[in-house]
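Written out below as structure tokens is the structure these notes cover.
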Amino acid sequence: MRAAGTFVAVIVALALQTTVLPFLWSGKSAIDLVLVVVVYTALQFGPTAGVLTGAMAGMSQDALSGGIIGVGGLAKTIVGFLAGTIGSQFIVTNPLPRFLVLLLGAALNTICILGLSAVIDKHGLSIPWRTAWPQMLLTAFVGIILIQAVQAIPGILMRRRLRRGY
């Protein structure tokens with residue numbers, strides 16, 4: 001059941017990121033919803049789930065983006081492993097530690113993608129750090145809001161069920 005839920009979350013994040021967000025967010029900074037799903041999965045279920053989700057989500061995102069296939073997959077795999085390891089070693093249940101893990105994950109993802117692209121292609125990607133930092137902050141900010149909302153859903157459903165009396 002966890003795998004199916006994670007798969008659906010990745011599909012929804014990819015769909016929103018490629019179809020809806022470009023129309024809603026016309027600025028230079030883009031939100032990486034796929035990275036948010038990878039970090040959330042890693043924090044909830046550990047490094048193995050983070051690695052598997054990162055590989056699957058990153059490769060899917062690479063295939064849809066038209067860039068070099070494998071760069072985003074490797075970057076998100078590394079982020080998923082490290083976020084899962086941090087989540088299993090430390091208490092990361094409050095919003096501030098989760099925000100920090102999301103921010104560090106977004107920074108590591110960007111560094112890995114820029115570094116690997118520079119190694120593979122002599123021109124690399126030309127993303128200046130002036131636009132990369134707001135993208136990382138925006139991803140972490142939106143990600144923490146989404147994670148807190150997802151964490152609140154079971155409590156809301158339970159209160160609703162108790163209020164109805166069954």
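The values are calculated or read from the model by the stated rules, or taken from the named source; none is laboratory data. Because the structure is predicted, anything quoted here is derived from the model rather than measured. Don't worry about glycine lacking a Cβ; one is built from the backbone with ideal geometry, like all the others, and counts go over all protein chains shown.
Before moving on, here are some points about what is shown:
- Answer from G46, G5 - the residue that is surrounded by fewer than 18 Cβ atoms within 10 Å (Cβ to Cβ), out of contact with any helix residue (DSSP H, G or I) (no Cβ under 7 Å at 6 or more places or on another chain) and either within 25 Å of R130 (Cβ to Cβ) or free of Cβ contacts under 8 Å to residues at least 60 places away in the same chain (or both): G5
- Filtered by the rule that a residue be polar (S, T, N, Q) and at pLDDT below 85, the range 105-148 gives S117, S126, T131.
- Residue in the range 106-116 that is more than 19 Å from V34 (Cβ to Cβ) and either touching a residue at least 12 places away in the same chain (Cβ under 8 Å) or touching a helix residue (DSSP H, G or I) at 6+ places or on another chain (Cβ under 8 Å) (or both) present: no
- Counted residues, the range 21-43 - those being surrounded by fewer than 19 Cβ atoms within 10 Å (Cβ to Cβ) and part of a helix (DSSP H, G or I): 4
- When the range 54-89 is filtered for residues that are more than 20 Å from Q148 (Cα to Cα) and hydroxyl-bearing (S, T, Y), the ones remaining, listed by number, are S60, S65, T77, T85.
- Here R159, R130 are screened, and the one residue that is basic (K, R) and within 24 Å of N109 (Cα to Cα) is R130.
- Among residues of the range 129-156 that are part of a helix (DSSP H, G or I), those with a beta-carbon under 7 Å from a residue that is of a type in the set (K, R) at least six positions away or on a different chain give the pairs T131/K28; I144/R98; I147/R98.
- When L137 is tested against (1) exposed (fewer than 12 other Cβ atoms within 10 Å of the Cβ); (2) in contact with a helix residue (DSSP H, G or I) (Cβ under 9 Å, 6 or more places away or on another chain), exactly one condition is not met: (1).
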